[in-house]
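The values are calculated or read from the model by the stated rules, or taken from the named source; none is laboratory data. These numbers come from a predicted model, not from an experiment. Using ideal geometry, Cβ is built from the backbone for each residue, glycine included, and neighbour counts are taken over all protein chains shown. SASA here: full protein model, heavy atoms, side chains in, ligands and nucleic acids out. Shrake-Rupley method; radii C 1.70, N 1.55, O 1.52, S 1.80 Å.
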Amino acid sequence: DGIIIVPATSCTEPPEPTKNVLFMDSMSDGGGTQLHHREDACVSYVLQDVKFAGTYSVSFRVCTVHLEEVPILLTVSPEDKEVPTSVVSVPVPYTIGDWKDTDSISVELAEGMNEFSFTREMAVFGMTVKEIRLSRVCYS
């Protein structure tokens, strides 16, 4: 149906928790796991089998506790390209400690394998991520 849900803890880098990327059980929002991102850590993922190339809307399910949040910097690259197809800024909402989705932004995915990573636009306090949702944009 064109929707890809990526659990935040399914990252390829780092493969295990670090000082600035913590993996933990999630006690709310349906259970599962969550990733706590701090400072200037970079978190990477591989999408193994994207069935349709094209434009996808991306949003992050986040929990934040700081009134002023620093945007996420998201980079997307097809497996066979050194130059990213998308580098975008994703505004992070102040969620008052609840789970909320960021506004959707658009990125380009290639058919097959794609890599993407995120960090914050500047080193900053923590933010917790539950999942990243990619939805294919269909034009009629």
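Tell me yes or no: at least one residue of the range 47-70 is in contact with a Leu (Cβ under 8 Å, 6 or more places away or on another chain), open to solvent by 70 Å² or more (accessible area, probe 1.4 Å) and β-branched (Val, Ile, Thr). Checking the range 47-70: not a single residue is in contact with a Leu (Cβ under 8 Å, 6 or more places away or on another chain), open to solvent by 70 Å² or more (accessible area, probe 1.4 Å) and β-branched (Val, Ile, Thr).
Taken over the range 116-134, the criterion of being open to solvent by 30 Å² or more (accessible area, probe 1.4 Å), over 16 Å from ALA8 (Cβ atoms) and in contact (Cβ under 8 Å) with a residue 60 or more places away in the chain is satisfied by MET122, ALA123, PHE125.
Take ARG136 and tell me if it is charged (D, E, K, R) and within 17 Å of GLY2 (Cα to Cα). Yes; evaluated as a whole, the condition is true for this residue.
Residues that are surrounded by 15 or more Cβ atoms within 10 Å (Cβ to Cβ) and either among the charged types (D, E, K, R) or more than 11 Å from the chain's Cα centre (by Cα) (or both) within the range 72-91 comprise SER77, PRO78, PRO84, THR85, SER86, VAL88, listed in sequence order. If you filter the range 6-38 down to residues that are assigned to a strand (DSSP E or B) and open to solvent by 80 Å² or more (accessible area, probe 1.4 Å), you find that the one that is nearest to VAL65 (Cα to Cα) is ARG38.
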